[in-house]
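Okay, so here's the structure we're looking at.
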Amino acid sequence: MQPIRELVRQMTLEEKAALCSGATAWRTQAVPRLGIPSIVLSDGPHGLRRPAREDELGSPSVPATCFPTASAMACSWDRQLVREVAQAIGAEARAAGVHVLLGPGVNMKRTPLCGRNFEYFSEDPYLAGELAAAYVEGVQSTGVGACVKHFAANNQETDRMTVDAEVDERTLREIYLAVFERVVRKARPWSVMCSYNRLNGVYTSQHRWLLTEVLREQWGFEGMVVSDWGAVDDRVAGLAAGLDLEMPGPSPANAARIVEAVRTGQLDEAVLDRAVERILTLVQKVTSSPAPAPPVDVDAHHRLARRAAAACMVLLKNDGQLLPLQPERHRSVALLGGMAAVPQFQGGGSSRVNPTRIESALEAWHHAAPEVAVTYHQGYGQDGRLDEQLLRAAVEAARGADVAVVFVGLPDGVESEGYDRKDMALPGGHVALIREVARVQPRTVVVLHNGAPVEMAGWVEQVPAVLLAGLAGQASGAAVVDVLLGRVNPSGKLAETYPMRLEQTPAFLNFPGEGGRVRYGERVFVGYRYYDTKDVEPLFPFGHGLSYTTFAYGPLTLSRSTMGPDESLEVSLTVRNTGERAGEEVVQLYVRPRQARVARPVKELKGFDKVALAPGESKPVRFVLTAMDLAYYDPARGAWVAEPGLYDILVGASSRDIRVQATVELTQGLNAETRLDEESAVRTWMQHPAGRAALQQALPPEAFARLAAQPPTSFLWELPLKKLPLLSQGALDESVVRRAVAALRA
Ligand code: BGC
């Protein structure tokens, strides 16, 4: 291709307008006259979904490795593993002739009910942002572009194409945009996909503040913005706001509108040129490699999918160390529940991968431990319903075995793009199976296949062990067996809180909204930020996950006890494996502010590291924090603010299992100067050196003396400055307020 500016100069207005939408559902327009090729975009995110027939939206896709979904991968808390998996997905994309992979999905889990939560990482923007950045790096290292989606505030499927998300700016900056900001700044994705919904009244596909001011001007994004498939509402407004490519295509009506808008002067042609430049820059980037795509080693990718799946599993409960199972002691095992034979390993919708193969736990068990006698019973109906006959047969098998492993979860179709769940319940047949089996078999293990939290009340107390396998991809069955038998020591930790019940969840009263609007009334108090601040006991907290070994946390060392706003702080400790097995621990760092002028979460995740330790081994863990890690966003200042004062640095094994802590003092605030204006209280003015001086200058001397003699709790000191004249019984006229503000500014 020629230099991009040169190409744009040679294109006709019609060619440029046409290039701004796709040629087909999955391809951009080519301009053969100028040697501009077309490129292919495909889903994403946990494997490639390359439709066999490109011109059809619903065409079946070619086989690809189905890796664990983002909800599962996030439980690994392992940047390197995510990078590796994404690299494999990128390699498969490249080999299939795909140039842009439509992932990662990074939306925050505002409520456990969002149908697409399985496609997203976490309720925490730092964890999600770190892992998504690793994903982008992995995909793009293969020469394929990543596409971070869905920008922004797409946190439900109900009315997703029209709903207006009402979110205040602080909440956006700290939660819903923070994750995108981290990925954009850290990994420089080549494209971003806007969402379907409106944000504060404006469709995100034509939201200039979002797509241009925040994304490009503030965060420095240099890539292309593509619409979600069908998200365009007003194409010309979208272009002006910063939306480059409309998908799917073709969209001749919108191309004609663009031409018309330029001709009538409604749209500056330079705006169109910039969009075309961005599209062509991406085309050039993804078609520049002369090397042919290396062939994909399908078996190696399956092995990676298995290793990844095992690393994602979270051991929620393990009373009496029932797990790992020991073939010498547990000579017969009953594998119960249809999901043992047909695993649930991904969700529904556009992310659905056509796997290269599927390994069930039942099949894997026969290979892994042939010496153990295995019986299998379906236990419940295909759709999860209670079936008395199947149930009775399963219970009898459980009674006669040394151990029962019950496979339950959310059946196919419950978790999907396009709609939300109605509740957090497991199917009745699954619950009945667990309860009846637990009644006859004290050594019962529950294996859960779900991409979002489920309620466990009524059975979790009755079983000694629960393994969250999640939606762990095509090798999930083999990985479950690896963990059950202790060939892999579980090291996953929850990337989202498991609440006791739906009514307890932070967005319960504000989801899914009404009258076309959804108000994010819980503000920044999402996930553990809510549970820990409100002191609501969850079922399993954020960051929780057990191991077959134990870890000891050494004391915390801070590189300094005080820091200024421009200094950084090193936090270090030693973690030791105090058990008998090799294992990995996810060490989590949270910051707790002791003071703030605004309501803040009692703790927020600001660092994590996963360390592998042999029995008895110790390793140092080190984090670096800056004042930004202590800050909140203040929309009035348009800045991140941290007040001077004390901040606790908490390090532990979950958000509710803090093992060690230390305190640092921020000696000088970050953008924290006291704001003084006519609405500030007289007390604030009097206690601020410059404010007091300004008042002294503005007020008659006797009036100032009288005011200064008042105690700070007095009625007069509590007044906003502008009310002082009104309540001075004629002693002060209104001009003193203006004079005080002017004196302060001077
Ligand atoms: C989804 C996107 C997906 C696109 C293309 C949309 O409905 O929201 O995540 O990438 O379709 O399949």
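A few remarks follow.
- Each principal axis of the Cα cloud of the stretch 312-430 was evaluated for its coordinate range; sorted largest first, these ranges are 47, 34, 27 Å.
- FRET efficiency for ARG33 and TRP219, using Cβ-Cβ distance with R0 set to 51 Å, rounded to 0.05: 0.90
- Under 13 Å from a label point set 7 Å out along the Cα-to-Cβ vector of ARG185, the amide N atoms of the stretch 130-157 belong to 130.
- Set of the stretch 592-630 residues, backbone N closer than 14 Å to the point 7 Å along the Cα-Cβ line of ARG675: 597-599
- Spin-label pair GLN729/GLU537, simplified geometry with 7 Å Cα→Cβ offset, distance in nm: 5.8
- Length gained when the stretch SER141-HIS366 is fully extended (0.36 nm per residue, less Cα-Cα span): 77.2 nm
- Reciprocal of mean inverse Cα separation for the stretch 4-79 (Kirkwood radius, Å): 15.1
- The chain - charge dipole about Cα centre, Lys and Arg +1 at Cβ, Asp and Glu -1, debye rounded to 20: 840
- Modelled FRET efficiency - R0 56 Å, ARG392 with ARG597, Cβ distances, 0.05 increments: 0.35
- Net lengthening on full extension, GLN710/THR557 (0.36 nm per residue, minus Cα-Cα): 50.5 nm
- Candidates per trypsin sites (Lys or Arg not before Pro) in the stretch 203-235, loop by DSSP, up to 11 other Cβ within 10 Å: none
- Among HIS688, ALA662, ALA642 the positive-end extreme of the charge dipole of the stretch 599-696 (Cβ point charges): ALA662
- Counting only the Cα atoms, the stretch 629-746 fills a convex hull of 146 Å³ per residue.
- Fraction of beta bridges assigned by DSSP in the chain that are antiparallel (%, nearest 5): 55
- Average accessible surface area per residue within the stretch 69-130, 1.4 Å rolling probe, Å²: 14
- Across the alpha-carbon set of the chain, the Rg to Rh ratio works out to 1.03, Rh being the Kirkwood radius.
- Listed residues ALA614, TYR632, PRO725: farthest to the positive end of the dipole of the stretch 606-733 (Cβ charges): ALA614
- Label zone (ALA52, point 7 Å along Cα-to-C-beta; backbone nitrogen cut-off 20 Å) within the stretch 323-359: 349-358.
- Scalar couplings 3J(HN,Hα) for the stretch 459-469, obtained by applying the Karplus form with A = 6.51, B = -1.76, C = 1.60 to θ = phi - 60°, are 9, 5, 6, 8, 10, x, 9, 9, 10, 7, 8 Hz; x denotes Gly and Pro.
- Along each principal axis, taking the top coordinate minus the bottom one, the Cα set of the stretch 380-439 gives 44, 20, 15 Å in descending order.
- Ellipsoid semi-axes in whole angstrom, largest first, where each is sqrt(5λ) of the Cα gyration tensor of the stretch 369-496: 22, 20, 14
- Anisotropy class assigned to the stretch 48-172 is oblate, per the alpha carbon gyration tensor with a/c at or over the 1.5 cut-off and a/b no larger than b/c.
- Computed over the chain: relative contact order in percent, which uses C-alpha pairs under 8 Å that are six or more apart: 13
- R0 of 51 Å, Cβ-Cβ distance GLU718-GLU570: FRET efficiency to nearest 0.05: 0.70
- Stokes-Einstein D in µm²/s, Kirkwood radius over Cα pairs - the stretch 281-373 at 37 °C with 0.692 mPa s viscosity: 189
- Placing pseudo-labels 7 Å out from each Cα toward the beta carbon at ARG303 and LEU646 gives an inter-label distance of 5.4 nm.
- Inter-probe distance in nm under a simple model that places probes 7 Å from Cα toward Cβ, at GLN10 and LYS619: 5.4
- Whether the stretch 448-590 is rounded, prolate or oblate, judged on the alpha carbon gyration tensor where a/c under 1.5 counts as rounded: oblate
- Qualifying lysines (Cα of each under 28 Å from Cα of LYS16; at least 8 residues distant if same chain): LYS149, LYS285
- Pairs beyond 18 Å (Cα-Cα), from LYS493/LYS606; LYS534/LYS603; LYS493/LYS534; LYS186/LYS606: LYS493/LYS534
- Its Cα gyration tensor gives the stretch 553-655 an equivalent ellipsoid; the semi-axes, largest first and in whole Å, are 31, 14, 10.
- ³J(HN,Hα) computed for each position of the stretch 379-392 - Karplus, 6.51 cos²θ - 1.76 cosθ + 1.60, integer Hz, glycine/proline x: x, 8, x, 3, 8, x, 6, 5, 10, 3, 5, 5, 4, 4
- Loop GluC sites (Glu not before Pro), the stretch 638-746, which have at most 15 other Cβ atoms in a 10 Å radius of their Cβ (DSSP): GLU673, GLU678, GLU679, GLU734
- Alpha carbon centroid spacing (whole Å) that separates the stretch 616-645 from the stretch 469-526: 26
- Working ranking of peptides 168-181, 186-199 by packing, defined as the average number of other Cβ atoms within 10 Å per residue, highest first, is 186-199, 168-181.
- Ordering SER476, THR505, VAL406 by the projection of their Cα atoms onto the charge dipole of the stretch 397-521, which places +1 on the Cβ of Lys and Arg and -1 on the Cβ of Asp and Glu, puts VAL406 at the extreme positive end.
The values are calculated or read from the model by the stated rules, or taken from the named source; none is laboratory data. Just so it is clear, the model here is predicted, and its values are computed rather than measured. Counting neighbours? That spans all protein chains shown, and the Cβs are built from the backbone with ideal geometry, glycine included. Remember, those area values only see protein heavy atoms, side chains included, never the ligands or the DNA or RNA. Shrake-Rupley method; radii C 1.70, N 1.55, O 1.52, S 1.80 Å.
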